[in-house]
Amino acid sequence: MDLRINQQDGLIGLNIKQPDFNMRVKHPRVNLDIKAPQLEIHQPAVRLEIDQTQCFADAGRRNIADFAKHRRDLAYAATMEAIAQIAAEGDMLGAIEKGINVADVARMQGPDWQEFDIAAVPSHRPIIDFFVQPVDVRLIEGKVLVNPDRGQVKGHLDWGRVNVIWRQKPAIDIEYVGNKFDKMT
């Protein structure tokens, strides 16, 4: 057979757009508002009282009120002693029958024997008092405020596409190349 067949294959082209997935992520956060606890301590000072009046009195140093009282007591004792001595002398002179005369009474009033003592001054300890005040402790509680900020994930999908196009259309060409043919009328 004298046929020539030319054939052209079809070619297709593909336009491919790849899919794309975009993701925006907002990370979660936790905001903390912290107020620290406080400890307040109030401690009044210890009150200390030292009374040295007796120590100073042992050394002969007194305050004005104690000095006046001490001198008054000494004067009273000296007065009572003098009255007692004068009364005793009068009683001795009044008792002539006992043989005591004026010379004996004068001899009794002669120089006194002085006594000396050695002592550590002061002989009394100071009086020490202290007053302790209680400690005032106050706790102010702390606070923690939690403020959560949720995270978010936002996604956007750009769909992919496949477009098919003809790059070359298929074709078939059939020709008769021979010289014999039937003619039909």
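The values are calculated or read from the model by the stated rules, or taken from the named source; none is laboratory data. Just so it is clear, the model here is predicted, and its values are computed rather than measured. As a convention, Cβ positions derive from the backbone with ideal geometry for all residues, glycine included, and neighbour counts pool all protein chains shown.
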### Task
Select from the stretch 155-177 the residues that are among the small types (Gly, Ala, Ser) and surrounded by 10 or more Cβ atoms within 10 Å (Cβ to Cβ) and write down the one among them that is nearest to Pro19 (Cα to Cα).
Gly160
### Task
Inspect the stretch 14-22 for any residue being touching a His at 6+ places or on another chain (Cβ under 8 Å) and touching a residue at least 60 places away in the same chain (Cβ under 8 Å) and give the result as yes or no.
yes
### Query
Checking Ile100 against (1) under 60 Å from the mean Cα position of the chain (by Cα); (2) surrounded by 10 or more Cβ atoms within 10 Å (Cβ to Cβ); (3) assigned to a loop (DSSP other than H, G, I, E, B); (4) of a type in the set (A, V, I, L, M), which test does it fail?
(1)
### Message
Whether any residue in the stretch 12-19 is closer than 30 Å to Tyr176 by Cα and in contact with a strand residue (DSSP E or B) (Cβ under 8 Å, 6 or more places away or on another chain) is what I want to check.
### Response
yes
### Query
List the pairs whose first member sits in the stretch 66-77 and is under 17 Å from Cys55 (Cα atoms), whose second member is of a type in the set (A, V, I, L, M), and whose Cβ atoms are under 8 Å apart, counting only residues at least 6 apart or on separate chains?
Asp66/Ala57; His70/Ala57
### Query
Quick one: would you say Arg138 is in contact with a strand residue (DSSP E or B) (Cβ under 7 Å, 6 or more places away or on another chain), basic (Lys, Arg) and under 30 Å from Lys35 (Cβ atoms)?
yes
### Task
Might you let me know whether the stretch 122-134 holds any residue that is part of a loop (DSSP other than H, G, I, E, B) and at positive phi?
no
### Task
Run down Ile12, Ile41 and say which single residue is surrounded by 11 or more Cβ atoms within 10 Å (Cβ to Cβ), of a type outside the set (Lys, Arg) and either in a strand (DSSP E or B) or modelled with pLDDT of 90 or more (or both).
Ile12
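Each row is one residue, and each column tells you yes or no for (1) closer than 30 Å to Arg29 by Cβ; (2) surrounded by 10 or more Cβ atoms within 10 Å (Cβ to Cβ); (3) polar (S, T, N, Q); (4) without any contact (Cβ under 8 Å) to a residue 40 or more places away in the chain.
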position: Ala88; (1), (2), (3), (4): no, yes, no, yes
position: Leu93; (1), (2), (3), (4): no, yes, no, yes
position: Ile118; (1), (2), (3), (4): no, no, no, yes
position: Leu145; (1), (2), (3), (4): yes, no, no, no
position: Val153; (1), (2), (3), (4): yes, no, no, no
### Query
Which of the residues belonging to the stretch 83-140 are within 30 Å of Val46 (Cβ to Cβ) and of a type in the set (Asp, Glu)?
Asp129, Asp136
### Query
Residue check: is Ala45 touching a residue at least 60 places away in the same chain (Cβ under 8 Å), closer than 30 Å to Arg150 by Cα and aliphatic (A, V, I, L, M)?
no
